[in-house]
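Let me begin by presenting the structure, written as structure tokens, before commenting on it.
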Amino acid sequence: MNWRKWLDGFVLAGKGILLATKEKRFWAGFVPSFIFFGTLLNLLSGGLSNFEMMKLMGFPANLQIIGKSFLGIFGVNVPFLDWLYIFAITLLQSILIGLIVLLWHKKRQSLSASKSGTTPVKSSAKSSTVSADVTSNSANVEKAGIITGLIALGAGCPTCGTTLITPLIGAIFSSGSLAITGAISTIVTIIAVIVAILSLKRIGEEAYVIIINEKYLERKNRGNR
């Protein structure tokens with residue numbers, strides 16, 4: 001493997017992410033995702049205990065639990081290391097979804113422009129481009145879903161054994177389930193983070209190419225006027 005080329009890909013992806021942050025569509029995907037996943041992960045920080053409490057309590061109390069979990073995104077009444085862990089994972093997932101929303105919008109715009117004749121493209125090339133875009137968007141959404149599942153599965157407090165996989169581990173192993181749960185939860189979370197970073201690399205590179213190409217075409221069109 002060409003490590004220098006691989007690392008250059010991360011640099012390019014970083015530039016793509018920075019360019020994406022200047023687009024409103026990115027924030028349209030990032031902000032709801034950040035609030036939703038941040039709140040959800042804080043709710044899951046105690047395994048399923050918060051959801052069990054919400055079943056027993058009334059509506060006002062449920063709002064208080066959700067509000068407390070929301071404030072936990074910003075480190076309110078949350079230990080620093082726990083906050084840093086949840087914040088980092090939420091940030092990765094939210095950037096990924098923001099990029100997917102932005103790319104979907106830009107590809108849709110490009111398709112509309114080609115249909116209206118603004119961008120002359122042969123029909124065969126147009127159909128292959130549409131097919132490639134649909135496949136790419138589907139793959140991106142699928143990866144985001146897989147990452148979300150892995151993050152949720154590993155969510156909780158691995159050191160105290162309160163994760164979503166605790167009941168499963170407890171049913172299989174009668175003793176030592178606490179240590180096993182912590183280890184498996186940590187492994188699942190690490191896998192989720194690795195997949196998220198690699199996905200960000202690929203989608204960030206794609207965002208860079210599309211945004212730079214779009215800016216080039218805009219300058220070219222202004223010059224032809």
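The values are calculated or read from the model by the stated rules, or taken from the named source; none is laboratory data. None of the values given here were measured: they were computed from a predicted structure. Backbone-built Cβ (ideal geometry, glycine too); neighbour counts: all protein chains shown. Side chains included, ligands, DNA and RNA excluded: accessible areas come from the protein's heavy atoms. Shrake-Rupley method; radii C 1.70, N 1.55, O 1.52, S 1.80 Å.
Each peptide among 78-89, 33-44 gets the average number of other Cβ atoms lying within 10 Å of its residues, and from highest to lowest they stand as 33-44, 78-89. In this structure Glu214 has an accessible area near 50 Å², from a 1.4 Å probe over the protein heavy atoms.
Checking the Cα-Cα distances for Lys22/Lys55; Lys5/Lys220; Lys68/Lys215; Lys15/Lys220 against a 32 Å cut-off, the pairs over it are Lys22/Lys55; Lys68/Lys215.
Measuring nothing but protein heavy atoms, the accessible surface of the range 17-74 at 1.4 Å probe radius is 73 percent carbon and sulfur. Highest mean packing comes first when the peptides 100-107, 195-202, 56-63, 6-13 are listed by Cβ atoms within 10 Å, giving 100-107, 195-202, 6-13, 56-63.
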